[in-house]
């Protein structure tokens, strides 16, 4: 490896620097074997170096390979550039996957429905399942709430009379309260599901309309 003289700093457009750099390249090329490569790299202080062997550090940070005339024939990407290129490829692949998935969904949408009214009908059928689940849970919840109220009143009367509350009565109350919480969870879960169903079919309907407009 050889280093350019300190007063020969490249990248400054002066005739002296250009001539100095050309002289260094000519000397290195003349001294190197015919098959050897010539490299140029810049260190952390901004100094330019030339040599027939690229230091390992600059194999990661990037360098330029020159021919016998000092013309760049190949550029080694830096590690940062390679990471950026890999990230760009990954992003391109992600977008392609999204485009392919959207195309698949569009084909399914077009083959499933012929009108927007059919989409509304499918939405209503999907909502009906959740509506029935909510109605059933709310009906049972009323019964359980009444049972909890009755058990609570009985327990309160026993305690007021100064008698001990039986373990079986307390278990019944605890079980009823747990069932009430589960029923409330079922109601909330189905209400949230209905919101998602409406959002899904609204999106399908908008996409179906857009595809119809494109086909016209």
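The values are calculated or read from the model by the stated rules, or taken from the named source; none is laboratory data. Remember, it's a predicted structure, so these values are computed and weren't measured experimentally. Heads up, the Cβs are rebuilt from the backbone with ideal geometry, glycines too, and the neighbour counts pull from every protein chain shown.
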Only residues in segment 175-187 that are in contact (Cβ under 8 Å) with a residue 60 or more places away in the chain count as the first member; pair them with residues that are buried (at least 17 other Cβ atoms within 10 Å of the Cβ), Cβ under 7 angstrom, at least 6 apart or cross-chain, and list the lot. none
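Rundown of residues vs (1) assigned by TED's automatic domain parsing to the domain that holds residue 143; (2) within 30 Å of residue 118 (Cα to Cα); (3) in a helix (DSSP H, G or I), yes/no style:
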residue	(1), (2), (3)
164	yes, no, no
168	yes, no, yes
172	yes, no, yes
175	yes, no, yes
190	yes, yes, yes
200	yes, yes, yes
203	yes, yes, yes
With respect to residue 197, determine if the residue is under 16 Å from residue 129 (Cα atoms) and either out of contact with any strand residue (DSSP E or B) (no Cβ under 8 Å at 6 or more places or on another chain) or surrounded by 13 or more Cβ atoms within 10 Å (Cβ to Cβ) (or both). yes
